[in-house]
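Participant: If you scroll down you'll find the structure; I have some questions about it.
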Amino acid sequence: MFVCIHGQQLPAEVSGAHSLAEFAYTFSPLVEETTPNTVVIDVEGCALRFGSAYELANEIARQAKAKRPGGLGCKVNVALAANPDAAIHAAKFCRGVTFTAPGEELTCLGNLPLNALQHSLAGVREPQAEEILETLRLWGVHTFKEFAELPVAGVSERMGQDGLKLRELASGKTRRHLKPRQAAPEFNNAIELEYPITDLEPLAFILARLLNQICANLNAYALATNALQVEMKLERGAVHEIKLNLPYPMRDHKVFLKLLLLDTEMHPPPAAVVGISINCEPVKPRVMQTGLFIPLAPEPEKLELMLARLAKLVGAENIGSPELLDTHRPDAFRVKRFELKEKKRRRTNGKQQSAS
């Protein structure tokens, strides 16, 4: 079952901040924002919390009248139907709370005029929809019910697939899934601790928890990161920062955790930790092609961990790749950060000529 919420006269601050969708999210995680003042929610599985679907519709109408926080401070139309399109039409053109039983959609929508048909819900463009509706007016068809009673074969022959879609929409028999509004991806995480932490073991547990969620978000969007920034809030308001600049994008939370722990062992925070926040910059992952039977040697993750362990033993300034300096001094060089460089191969489209 689907519930549509339509606010005819929403306050300016409500429609401007898209608070109608936020209000709908308090009842179900599946919300489609059809227009700024119309949303549809899927109430399947909400019976354990709110009771029957009809009780939920009444609860939505009651809470919408309440002042903020938690309400909209205005009256809304609420419609309950077996498909989202029927619920949208009922909420827009019927006041109060409307319940449409499955199979009885025309009882509620049959007397609506054809100009109330929301053709965009069926994926029909406006010029084609206007042409079809004008043809129906010439035929003497003026309501949803009259359009739904036309034979399917005749509508298909004279109006094509767009006519069938509009007829199904007028009948209240459409079948489609909601298009939920996805929240903007977040690649940061933070936590405030209940008590200060001074040991490395509990700190590793907290870091692992935060990194798991960040890497899960990166995997969900097929992204990686090559820069990781950690801020540890210390007692008395101080802040301890850790910045990891990786030579290539990664998204393995185990590697991140080991790198952070090694850096924390080399540069421990000067006081107890009371809060941790982690932020990363998402980038496209590194794409490479290797042999079928020969693994990449050395593996980039293992190489980065080995360099971090060596830096802990001998110092970060003594680990890297030697680079000659442009100077007259003999054998002058410096040590820079080791980076893996990808070899770019040119693709030749021309045909190779065989030696005669």
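Participant: Which value results when the Cα radius of gyration for the stretch 205-245 is divided by 2.2 N^0.38 Å?
Facilitator: 1.39
Participant: Quickly work out the L325-to-R62 label distance, labels modelled 7 Å from Cα along the C-beta direction, and quote it in nm with one decimal.
Facilitator: Here the modelled spin labels are 7.9 nm apart.
Participant: While we're here: Run the count for the stretch 2-171, please: Lys pairs, Cα-Cα under 19 angstrom, 8 or more apart or on different chains.
Facilitator: Eligible lysine pairs with Cα atoms under 19 Å apart amount to 6.
Participant: Here's something else I'd like to know. Hey, what do the phi angles of the stretch 195-208 turn into as Karplus ³J(HN,Hα) couplings, whole Hz, using 6.51/-1.76/1.60 and θ = phi - 60°, x for Gly and Pro?
Facilitator: With coefficients 6.51, -1.76 and 1.60, one gets 9, x, 10, 10, 8, 6, 5, x, 5, 5, 5, 5, 4, 4 Hz.
Participant: Need the C-alpha centroid separation for the stretch 118-184 versus the stretch 30-73, integer Å.
Facilitator: With the stretch 118-184 and the stretch 30-73 each reduced to a Cα centre, they are spaced 28 Å.
Participant: Let me have the 222 nm mean residue ellipticity of the chain computed from DSSP H runs of 4+ only, each contributing -39500 (n - 2.57), with the sum over all residues rounded to the nearest 500.
Facilitator: Rounded to the nearest 500, the figure is -11000 deg cm²/dmol.
Participant: Further, regarding this structure: Taking just the alpha-carbon atoms of the chain, what radius of gyration and Dmax come out, in angstrom?
Facilitator: Taking only Cα atoms of the chain, I get Rg and Dmax of 31.2, 98 Å.
Participant: Under 12 Å between alpha carbons, and skipping anything fewer than 8 positions from K312 in its own chain: which aspartates and glutamates qualify?
Facilitator: D263, E265
Participant: Report the gain in length on full extension from E104 to N245: 0.36 nm times residue separation, minus Cα-Cα distance, nm rounded to one decimal.
Facilitator: 44.5 nm
Participant: Where both partners of a DSSP beta bridge lie in the stretch 188-283, what percent of those bridges are antiparallel, to the nearest 5?
Facilitator: 100 percent
Participant: Compute the length gained on full extension between R95 and D252: take 0.36 nm times their separation in residues and subtract their Cα-Cα distance, giving the result in nm to one decimal.
Facilitator: Result for the pair: 51.2 nm of gain on full extension.
Participant: Which residues in the stretch 209-230 have a backbone N closer than 20 Å to a point placed 7 Å from the Cα of K312 along the Cα-to-Cβ line?
Facilitator: Once the point is set 7 Å along Cα→Cβ of K312, 209-212, 228-230 turn out to lie under 20 Å by backbone N, inside the stretch 209-230.
Computed from the coordinates by the stated procedures, all read-outs in this text should not be read as laboratory data. Bear in mind that the values here come from a model prediction, so they are computed numbers and not experimental data. Backbone-built Cβ (ideal geometry, glycine too); neighbour counts: all protein chains shown.
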